[in-house]
1. So what J values fall out for the stretch 74-91 if you push phi through Karplus, 6.51 cos²θ - 1.76 cosθ + 1.60 with θ = phi - 60°, rounded to Hz, Gly and Pro as x?
2. Quick check: the angle from helix 121-140's long axis to the longest principal axis of the chain, C-alpha only, nearest 10 degrees?
3. Based on alpha-carbon centroids, what's the gap between the stretch 88-129 and the stretch 232-272 in Å, whole number please?
4. Using alpha carbons only, how many degrees (0 to 90, rounded to 10) separate the axis of helix 308-317 from the longest principal axis of the chain?
5. Run the dipole for the stretch 127-188 about the Cα centre, Lys and Arg Cβ at +1, Asp and Glu Cβ at -1, nothing else charged, and hand back the magnitude in debye, nearest 20.
6. Can you tell me, using C-alpha contacts under 8 Å and at least 6 residues apart, the relative contact order of the chain as a whole percent?
7. In whole Hz, with x marking every Gly and Pro, tabulate ³J(HN,Hα) for the stretch 178-194 from phi via Karplus 6.51 cos²θ - 1.76 cosθ + 1.60, θ = phi - 60°.
8. Could you give the dipole magnitude of the stretch 256-352 about its Cα centre, charging the beta-carbon of Lys and Arg +1 and that of Asp and Glu -1, in debye to the nearest 20?
Amino acid sequence: MKKVLLSTLAASTMLLGTAAIAQEKVADLPKTQLQVVGGLSNLTAYQNFEQPMWTKTIPELSNGQVTADIKGFNEMGLKGPEILRLIGQGVIPIGTATLAYFASDNPINEAIDLAGLAPNVDVAREVTDAFQPVYEEFYGKNNIKVLGLSTYPGQVLFCNAEISGLADVKGKKVRTSSRTTAEFVQALGGTSVTIPFGEVVPALQNGVVDCAITGSMSGYSAKWYEVSTHLYALPINWNQQIHAANLDYWNKLDPKVQDFVQKNIDVMTDQIWEAAGRETQEGYDCNTGAAACSQPVKGKMKLVEPTAADRELLKKITAETVVPKWAARCSDECVKGFNETIGKKLGITASK
């Protein structure tokens, strides 16, 4: 499998992206060719930042000494949940994946994205940065080098039903994509339903579900505005991404190449975080037809702004239901890591 993956990567066409990373050119780097499995190739994080960073910025800033081939994991025929295992085995040298994919492997992967934990992108970034050293230590034991963490835009509620606040989720069937969002919906009195992303439009249209959670721009791109009437503007979670390398592979790279690549990944993840905040708002604008939307097609959904009571309810459910349920299935060491980082920052204590 290793040979198949690497040969497929090597044969991939190097497409130029749109955003160059502003850094100084680096001299005296040894000739190095990198193989990368990127995130979902149809999403903006990959198209606007990840792919151009590897195929354009890194070659340009290294004067052609460091080059890379990259394909999105979906283009490789991979599903996502196997990526970190393949990185640890050395089948994938460098890769990107959604941490939520690995929640069933170990609940520690849910820690930074528990439902309701981060109601805005700034808090999501603070929580992620605080917990990154815990991931670095954990994955280091699994032969994986954590290179960075980034995010998708805010994951919000699209409803084909009247909704004026979180309390209205009670009695509704809601498509969720993770255990923690399912527990959040259930705590509100709703019913969690698991449906693949590609099947959500007919499910909303035919009443199989009343609401569904996804990124505000992801829902726009998939035309959920055609089958939904209300958009609730309070992120429930974020779906953070992990950028990682096989530790043995990484350690064999020249230290100057390591430093060069790491600095570029740091800049890239900063850019993705900034874009996530903008795209969350753009999703609100474009699904509801606001004048600020720059897209050619505008939806006509009603934007529901969260009230102060909604924000308090969000915090209450997170602290009293979501975090305790997560802590019950995570290890003592995992809970300790949460309390010393995220818990300390947000004033939440997880206990077994």
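Just so it is clear, none of the values below were taken in a lab; they were calculated from the coordinates. Values in this document were obtained by computation on a predicted structure and should not be read as measured data. Glycine gets a Cβ as well: all are built from the backbone with ideal geometry, and neighbour counts include every protein chain shown.
1. Working through the residues one at a time gives 5, 6, 8, x, 8, 8, x, x, 8, 5, 5, 5, 5, 5, x, 7, x, 5 Hz.
2. Approximately 50 degrees, to the nearest 10.
3. Spelled out, the Cα-based centre of one part sits 12 Å from the other.
4. 70 degrees
5. Using Cβ point charges on Lys, Arg, Asp and Glu, the stretch 127-188 gives about 280 debye.
6. Dividing the mean separation by the residue count of the chain yields 20 percent.
7. With coefficients 6.51, -1.76 and 1.60, one gets 8, 5, 5, 6, 5, 5, 5, 4, 5, 5, 7, x, x, 10, 7, 10, 9 Hz.
8. Values: 15 positive and 14 negative charges, 59 e Å.
Taking the Cα centre of the stretch 256-352 as origin, the dipole is about 280 debye.
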